[in-house]
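Read through the structure below, which is laid out as structure tokens, and then see the notes.
Rule-based calculations on the coordinates, nothing more; no lab input. Keep in mind that what you see is a predicted model, and the values were worked out from it rather than measured. Every residue, glycine among them, receives a Cβ derived from its backbone with ideal geometry; neighbour counts consider all protein chains shown.
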Amino acid sequence: MFNSEEFSDPPPSTGDHKEKHLDDEVVSDHRSAYSADVSWTDKLEGKAQPVPEDGIGRLDYLWILISCGYMVSWTSIGSLIAFFKARQGASFYVKMYCAFYLPGLPISLLQQRYDEQIEQKIGSARAYMLRVCVAMGLKIIALFFMPFVPRLVSDDQIPNVMLCFMVMIGIFSWTCHGTACQLCSMFPPSSTAYLQTGFRTPEIYTVLMVWGLKLGASASEFNVVAFYYSTSLIVVIGTFCWVVICRTKHAKKCFALKDETYATRERAFNTGEKSGLLSEGAADETQEEVATAVRPCRIAIFLNIWSSIFSAAFFAYVRPAGKIDTEMVLYFVRLFSDLVGRPLARLPRPSWISNKHQLVRIAAIRLILLVVFFCYIAFDWMPKSDVFIITIVAVFSILSGYLAVLSYEYAAASLQTKAGQSMAGTLMNSTFQTAAFTAVTMGVIVSQLGLFEDPSSADESWTDDFFASGGNLHPDVNYEDDALDNAVSS
């Protein structure tokens with residue numbers, strides 16, 4: 001299958017040897033390289049050699065805990081969709097989305113502009129360590145203060161303060177995500193699958209905590225504080241795992257190669273000589289070549305992320321057909337389905353999605369389900385069924401997780417050098433954030449235009465009376481704290 005001449009080792013003594021990018025056939029067949037017995041680059045080149053001494057494959061699970069650590073705060077707070085809808089209306093949840101996702105694009109552009117300069121100044125190893133550890137630390141501080149917001153500000157300022165906290169959490173989360181994607185791109189493809197899977201694991205924690213602490217409309221202050229503090233503990237665990245990953249032999253080698261690249265570029269600039277990205281004889285992968293190689297992957301991830309975030313912002317507009325809390329069910333169905341789709345990328349892949357160009361076609365076809373979703377909430381003539389809309393969201397989200405992993409894997413596999421793979425991770429992250437930014441912006445515009453009827457408006461008089469009476473619609477009944485939960489649910 002592989003051409004031994006095309007993938008032969010470069011001469012050890014020169015950096016002028018030009019290697020070809022992996023073609024579509026090689027990228028499609030790199031799924032067979034996920035063996036614990038061989039390294040992924042050697043498998044791609046048709047050589048069976050043992051994994052590096054640091055046994056990096058055994059640490060793949062740490063990537064799950066890392067991405068879980070920097071995403072858990074948003075997933076936990078965002079899971080209270082019914083809570084926010086009851087108090088502020090369905091449009092407030094769109095604002096929550098806005099506060100979290102909009103900082104992502106500026107952060108990714110700043111990273112793309114300044115990360116390399118910072119790494120050249122203080123070293124790649126220190127820069128990668130500081131970016132994530134500082135961001136995670138600030139998130140922990142924010143989570144410690146958030147449950148006490150009602151005590152510190154007036155009632156009319158609570159929504160604004162909460163949105164400010166969500167902006168902070170968004171900034172810190174996307175800083176961690178961009179950095180993690182860059183480093184993970186320089187690891188074997190299996191690491192990408194684990195990182196992307198961990199991106200959706202916080203919902204498992206969230207479901208257990210919401211159920212165990214009974215975080216409903218009348219949740220006690222103790223339970224709310226416990227929820228935020230336990231969430232901060234998950235962030236601490238993710239930070240610890242990041243430190244472990246950054247101190248592995250493989251990561252240190254990647255950092256050393258990047259630093260050598262920067263030094264080589266500087267020498268070439270000063271002497272006017274042309275040199276490769278790395279001194280290990282790899283191809284000269286310029287930014288233009290990297291951008292060209294990963295363009296199909298960027299298109300696929302844009303279509304995938306944009307449609308997922310845009311549709312999820314309107315779950316609160318789905319009118320229940322039965323007695324279940326449809327928007328809450330859709331929220332968790334989306335998250336769990338997305339989570340299920342990501343590990344599926346580790347299985348053998350069908351021929352119709354075996355390369356990055358086919359990935360774009362599948363991402364475009366998936367948009368049909370987006371049209372069906374909005375037709376469901378927009379038109380009364382369309383039959384209403386909770387089972388139907390839940391199924392649509394489930395299939396839509398499974399494909400989302402599956403395509404997300406493949407997009408990042410195919411992008412990294414399209415480049416040969418560590419610096420090129422890191423650059424590919426940066427470009428993919430910028431595309432991810434561009435999709436999120438435009439999706440949230442479009443969601444706010446559509447929400448403000450009032451194109452869809454807000455289901456909570458039908459219950460506006462009930463909620464006004466409820467909160468005006470302090471949660472007691474029947475003054476002659478003296479509710480106890482435990483009984484209030486039952487009264488609210490009734």
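Quick notes
- Cα-Cα over 29 Å, subset of Lys121/Lys356; Lys95/Lys418; Lys356/Lys418: Lys121/Lys356; Lys95/Lys418
- Packing rank of 288-295, 200-207, where each peptide gets the mean count of other beta carbons within 10 Å, highest leading: 200-207, 288-295
- Cα lying deepest toward the dipole's positive end in region 104-164, options Gly137, Ala125, Leu163, charges on Cβ: Ala125
- Charge tally around Tyr194: other residues with Cβ under 13 Å, Lys/Arg +1 each, Asp/Glu -1 each, net +2.
- Simple label model, 7 Å out from Cα along Cβ direction - Ala291 to Arg151, nm: 5.2
- Here the label points at Val134 and Trp211, each 7 Å from Cα along the C-beta direction, are separated by 4.1 nm in the simple model.
- If R0 is 45 Å, the Cβ-Cβ spacing of Val225 and Lys121 corresponds to a FRET efficiency of close to 0.65.
- Computed 3J(HN,Hα) for region 411-421, one whole-Hz value per residue from the Karplus formula 6.51 cos²θ - 1.76 cosθ + 1.60 where θ = phi - 60°, is 5, 5, 6, 7, 10, 9, 9, 5, 5, x, 5, glycine and proline marked x.
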